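A short write-up of the structure that comes next.
The values are calculated or read from the model by the stated rules, or taken from the named source; none is laboratory data. Just so we're clear, the structure is a prediction, and the values are computed from it rather than from any experiment. Cβ placement follows ideal geometry from the backbone for every residue including glycine, while neighbour counts extend to all protein chains displayed.
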Amino acid sequence: MDLNALLALEPEELAEKILERRQFLSKALPEIEARMSADADELAPHVEKLRLARDACSNKVAELKSRRNEAQSEARELLHESRKLREIVENSGGMKNLDPKWAKEKLEEQLQDIEDQIEKSALSLNDERKLLSKRKELLRKNDDWLSQRKKDNPEMAQYVQVSKKMNKLFTLADKLHREMLTYVEKNEPIHAEFTEKRGELRNSMRQVERSRALIKQSESAIQFWENALQNDLDSLLQSAKKVDSGGPSSIRRKSADLPISAKLEGGEEE
């Protein structure tokens with residue numbers, strides 16, 4: 001019914017329409033409440049299953065990250081130590097026979113550059129994997145070079161020992177990092193589905209609570225309008241008559257001050 005048709009109704013007709021509406025809702029709401037409850041009951045175990053799966057992945061990521069950080073932190077300390085030892089060996093002439101190409105590249109600087117990119121840049125998972133592959137190849141080349149240098153230069157034993165330990169720790173950190181990225185990728189769709197289903201569950205539960213609240217209000221609303229029709233509508237029309245005669249309106253624009261039926265008709269029902 002449009003606004004003009006509504007305004008054209010007599011007070012008794014309008015009260016009857018409101019009563020019919022309340023009676024209709026009184027019959028329809030229990031079915032709506034039951035349907036929403038069934039939806040919530042069906043969604044709840046699925047949401048809990050997704051939550052547990054998401055949390056399991058998140059915990060695994062946290063564990064791998066902690067182990068990676070530990071290995072990487074120790075490897076970084078050894079990286080700084082190896083650079084100092086290399087300078088000592090270089091100054092003593094122990095690296096005079098170093099392959100020129102490899103000497104120019106300087107492994108430590110390349111490793112540090114990779115570290116800086118991993119630590120400070122916002123990288124995609126694919127870019128992280130590329131950097132890890134690059135570091136793996138550098139460590140392999142360095143390991144081969146260290147084995148040969150140890151044979152040719154016995155005085156480099158400490159430098160070789162530190163560098164080998166650093167290689168192993170970086171290799172372990174990279175292995176843990178790759179495994180962590182696998183769990184991160186696995187967890188993304190699980191978390192997305194969990195968020196979606198949790199939203200659906202919350203909406204269903206809100207609808208259940210709203211239906212239950214309206215069911216409780218329906219009885220008093222029906223009784224109110226039945227009494228108004230059985231007795232008379234004069235008490236409800238006093239304010240309207242007052243305004244028609246030029247008096248001020250006494251209605252406060254707060255939903256708490258309106259009759260229950262007016263609140264319901266004002267948009268609390270869906």
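Structure notes:
- Enumerated helices (runs of 4 or more DSSP H) restricted to the range 152-269, each holding at least 2 residues that are at pLDDT 85 or above: 157-230
- Considering residues of the range 1-52 that are of a type in the set (Val, Ile, Thr) and modelled with pLDDT under 90 only, the residue farthest from Glu226 (Cα to Cα): Ile32
- Neighbours by Cβ (under 7 Å, 6+ apart or cross-chain): first from the range 190-204, touching a residue at least 60 places away in the same chain (Cβ under 8 Å); second of a type in the set (Lys, Arg) and assigned to a helix (DSSP H, G or I): Ile190/Arg54; His191/Arg54; Phe194/Arg51; Phe194/Arg54
- Extreme residue, nearest to Val184 (Cα to Cα), among residues of the range 113-145 that are aliphatic (A, V, I, L, M) and part of a helix (DSSP H, G or I): Leu125
- For the range 54-71, a residue qualifies if it is under 14 Å from Thr182 (Cα atoms) and free of Cβ contacts under 8 Å to residues at least 60 places away in the same chain, and the qualifying residues are Ala56, Asn59, Ala62, Glu63.
- Which listed residue is loosely packed, with under 14 Cβ neighbours inside 10 Å, in a helix (DSSP H, G or I) and either at pLDDT 90 or above or within 41 Å of the chain's Cα centre (by Cα) (or both), from Ser73, Ser58: Ser73
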